[in-house]
Amino acid sequence: QFFVFCHGLLQLSQLLVSGYLKSSISTIEKRYGLSSQTSGLLASFNEVGNTLLIVFISYFGSRVHRPRFIGCGAILVSVAGFLMSLPHFITGPYEYDKSVASVFSNTTDLCQPGASGSPGNLSDAGCTPHAARENHEVLLVMFIAQALLGIGGVPIQPFGISYIDDFASERNSPLYLGILFSVTVIGPGVAFMLGSAMLRFYVDIDKVTGDEVQLTNKDPRWVGAWWLGFLVAASLVALSAVPYFFFPREMPKEFLLFLSDFPLVLLRNLRHPVYLLVVLAQVNLSAMVAGLATFMGKFLERQFSLTASLANMIIGAVNIPGAMVGIVVGGAILKRFQMSLRQCSAMCILGMFLCLLVAFPLLFLGCPTQKVAGVTYSESSEFGHHALECNLQCNCPEKAYNPICGSNAIEYISPCSAGCRAVNIDADNSVLNYANCSCISENGLAGFAKPGTCGTGCSHLFLPFVVLSCLAGILASTSHTPSFMLILRSIQPEDKSFAVGIQFMLLRVLAWMPGPVLYGSAIDTTCILWEKKCDRKAACRYYDNTLFRQR
């Protein structure tokens, strides 16, 4: 029982490390200028190390000291977690464009006529060879950490489960495995909640004092303390690893499978039509889940103008528990009605069909991108060509990004691009508003603007979206248990563990690995304005919200 407790704790904290990355992905993109394709590859890269080793490890499981192996794997996972947070400590503080001369810089992004290219304006200072090299180092460290995370996670689940199954009594074994299974489902939910808590802190909380931070967490330039969660999760893993070095080895039952039978069994299973079809169905569903888990938070942030913290809170507190409810309900229906294989497959189809019906309206629940001058919206059509020249004499830096919302409800990329010449500052050094803006004309007078984005005006659709997506998730996950039953009952009993191994490997290779990359690439195609870093595309500033939602 102590082993089951330890193993539950270890699985939870291992899932915290891998799940936490998904909750902070939009923040890491912003901080290090990554496209969604790159961040999608990063998020699924832990599966690479995992897949390469999982088959061998499941094979030689009978010939090693399993608890000690689990302990070593856990230590690798913990090292990977600490490595994930390392980029924060090897790079300088986060820099963003600001209008108020601060402790860091005397540059400003206000409109300054006649100051053509003067040092007062933002320049491409961030483009030294050092900065470019720093960015490569960050990516390298994170990819290595993800690979280690995958490798360290390999022995944890198979060895733990076989160890428990070998030494628990026949009566208790299903209960123990059930406990572990529920932990693996809860894990990601806890990870998103951790993300929600950590991203409320400013990223450089350890490098700058509170009163020097001029951003609120609603600001589009805000970057939360993404690295903090990795430290928490990695420490938890390290703690849970300790007891494993003290469990006895005890002789496990002899394994019957040897390498010579490998191709035979593989072919026998892959030729089985039911097995193959169910696994392919699961692959399609899992690829969708993998993509959604990685980018759902980002989607909510962009469609409904939420903070990263709130988006994670919704996913961790609503969507993931919804999926758990679906899995439990599916299992309960199976048990209650003692279903045949044909009824199992009918139940899977019904669940999926209802899920499609409920999810279909989600295509339309959202608003178009807010009007952004010069990006999604051009005034020239309304005011003649005068409007475009309103900021010509300002000498605006091209890459400035400090969104403001004009009193005419149009968003501008920076105070300079709106032609604002004055800024009013609050007592605590935060911006109240920008005044005297030549591009924002109201009744012939120069208008003013508030800091921050205008938002998509979609808040009224947020609740229906959450309710429907949660319902769709519940319905889809009712088919989880019956689809497993279809596999377990349709193949020869002696192939069972092997068939499940092959199934997970196919899911990894065909779903969990490519899923986030495909989703990230699809999201990248909907970008309207890319941030430029050293003449290369970095993170996306604005998406075409309608395309983003549909694709």
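Below, the figures for the structure above:
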{"quantity": "For T525, solvent-accessible area (1.4 Å; no DNA, RNA or ligand), Å²", "calculated": "80"}
{"quantity": "Helix-derived mean residue ellipticity, 222 nm - over the chain, DSSP H n ≥ 4, -39500 (n - 2.57), to 500", "calculated": "-18000 deg cm²/dmol"}
{"quantity": "Extension gain, L354 back to R249 (0.36 nm per residue minus Cα-Cα distance, nm)", "calculated": "33.0 nm"}
{"quantity": "Cα-Cα over 30 Å, subset of K22/K532; K298/K496; K22/K399; K22/K335; K22/K450; K207/K533", "calculated": "K298/K496; K22/K335; K22/K450"}
{"quantity": "Under Karplus coefficients 6.51, -1.76 and 1.60, residue-wise ³J(HN,Hα) of the stretch 420-425 in Hz, glycine/proline x", "calculated": "7, 10, 9, 9, 9, 10"}
{"quantity": "Dipole magnitude of the chain, debye to nearest 20 (Cβ charges: Lys/Arg +1, Asp/Glu -1, about Cα centre)", "calculated": "1580"}
{"quantity": "The stretch 269-324: trypsin sites (Lys or Arg not before Pro) in DSSP loop, at most 15 other beta carbons within 10 Å", "calculated": "R271"}
{"quantity": "In degrees, nearest ten, helix 66-90 long axis to first principal axis of the chain (Cα)", "calculated": "10"}
{"quantity": "Leading residue at positive end of dipole, the chain (Cβ point charges), from L239, L34, T51", "calculated": "T51"}
{"quantity": "Three semi-axes of the equivalent ellipsoid, the chain, Cα gyration tensor, whole Å, largest first", "calculated": "50, 26, 19"}
{"quantity": "Residues whose placed amide H lies under 5 Å from that of W530, excluding near-sequence neighbours", "calculated": "R541"}
{"quantity": "Y275, Y96, reordered so the largest accessible area comes first (probe 1.4 Å)", "calculated": "Y96, Y275"}
{"quantity": "Cα-projected label distance for R489 with L547, points at 7 Å along beta-carbon direction, nm", "calculated": "4.8"}
{"quantity": "Fraction of accessible area attributable to carbon and sulfur, the chain (%, probe 1.4 Å)", "calculated": "67"}
{"quantity": "Projected label distance in nm at F167 and F143, using a 7 Å step from Cα toward the beta-carbon", "calculated": "4.1"}
{"quantity": "With all protein chains modelled, accessible area of E531 [1.4 Å, Å²]", "calculated": "20"}
{"quantity": "The chain: relative contact order as a whole-number percent, Cα under 8 Å and 6+ apart", "calculated": "26"}
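The values are calculated or read from the model by the stated rules, or taken from the named source; none is laboratory data. All of these numbers come straight from a predicted model, not from anything done at the bench. A quick note on method: Cβ atoms are made from the backbone with ideal geometry, for glycine too, and the neighbour counts reach across all protein chains shown. Just the protein is used for accessible areas: all its heavy atoms, side chains included, with ligands, DNA and RNA removed. Shrake-Rupley method; radii C 1.70, N 1.55, O 1.52, S 1.80 Å.
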